[in-house]
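Here's the structure we're looking at; comments come further down.
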Amino acid sequence: MANVIIFAGGFGSGKSELVLNYAIRKREQSDRVVLADLDLVNPYFVSRDIRKTLENMDIRVVAPSGELSFGDVPNIPAEIIGLLRQENDMIIDLAGDEVGTLVLGYLSRYIKDRYYEFYMVINPYRPFAQDLESVTELKQLLEGAAHIPFTGIVSNPNLLGETTPEIIRAGHEKVRGYAQEMNLPIRLLTVESKFHDALVNQYGEILLGINLYLKPDWM
């Protein structure tokens, strides 16, 4: 059966960029990687935009298509259920909102009996994550949908082009405070690759340098 890694986060958390990088790294370790792009709300920064790039790396992409790609009613590809019953490493990109809860609620019956990790992606510089109350509300919303608890946090502190190592450090400290209050471990600290060498001695193995595949030319 599938090993499932779920990434959920609010708008602007950087979740989809992280998912792409995670899938590409996972492909170095696994022969069967599936990326399920189930963020059905945001039509601008989604992993299916680079489907061909991923498929050239032998990463299978599962995503809604056509007019039903986005909307208030989840359109979950039927093949994802079959893939959950097969041997593979499945990485799920899930929206952190009401639609995400509907998707997770539907899939939970197929996930609970498998090995899974459920990560909340937090960028403390985005509106939804600027205080503990907002982050806790998101946690309760998603966990309550399917009674699947989060197993960890991914800290992704950045201000896009204005990001500096100091901004990363300050944001990560804020995320560490959230993690302690919610009694969840921080599994990853993600930074743009150009910052990796400046921070790796301080943060060690949790630090993951990522490339920006979805960054538009105007950013």
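Calculate the dipole size of segment 3-210 relative to its Cα centre from +1 charges on Lys and Arg beta carbons and -1 charges on Asp and Glu beta carbons; express the result in debye to the nearest 20. If you can, show how the numbers build up before the last one.
On the way: 20 positive and 29 negative charges, 79 e Å.
It works out to roughly 380 debye.
How long are the three semi-axes of the equivalent ellipsoid for segment 66-195, computed from the Cα gyration tensor as the root of 5 times each eigenvalue, in whole Å, largest first?
Values: eigenvalues 159, 54, 48 Å².
Semi-axes (√(5λ), whole Å): 28, 16, 15.
Distance between Cα centroids, segment 128-162 to segment 4-40: provide it in whole Å.
With segment 128-162 and segment 4-40 each reduced to a Cα centre, they are spaced 16 Å.
Tell me, which longest segment in the chain has none of the GluC sites (Glu not before Pro) that fall in DSSP loops with at most 13 further Cβ atoms within 10 Å?
Segment 88-219 is the longest.
Gain in length, I50 to Q86, computed as 0.36 nm per residue apart minus the alpha-carbon separation, to one decimal in nm?
Values: separation 36, 0.36 × 36 = 12.96 nm, distance 2.44 nm.
That pair, I50 and Q86, stretches by 10.5 nm at full extension.
Please work out the FRET efficiency for the pair E137 and Y115, using the Cβ-Cβ distance as r and a Förster radius of 30 Å; give the result to the nearest 0.05. The partial results should precede the final answer.
Values: r = 28 Å, r/R0 = 0.93.
In this case the efficiency is close to 0.60.
I need the calculated FRET efficiency for the pair E98 and E162, taking r as the beta carbon distance and R₀ as 30 Å, to the nearest 0.05.
Values: r = 31 Å, r/R0 = 1.03.
The formula returns an efficiency of 0.45 here.
If you compute mean projected area of the Cα convex hull in nm² for the structure shown, which of (i) 19.1; (ii) 11.6; (iii) 14.3 do you land on?
(ii)
Read the figures in this text as sums done on the coordinates, not as results from a lab. Small disclaimer: the values here were computed from a predicted structure and weren't measured. Cβ: placed from backbone, ideal geometry, glycine included. Neighbour counts: every protein chain shown.
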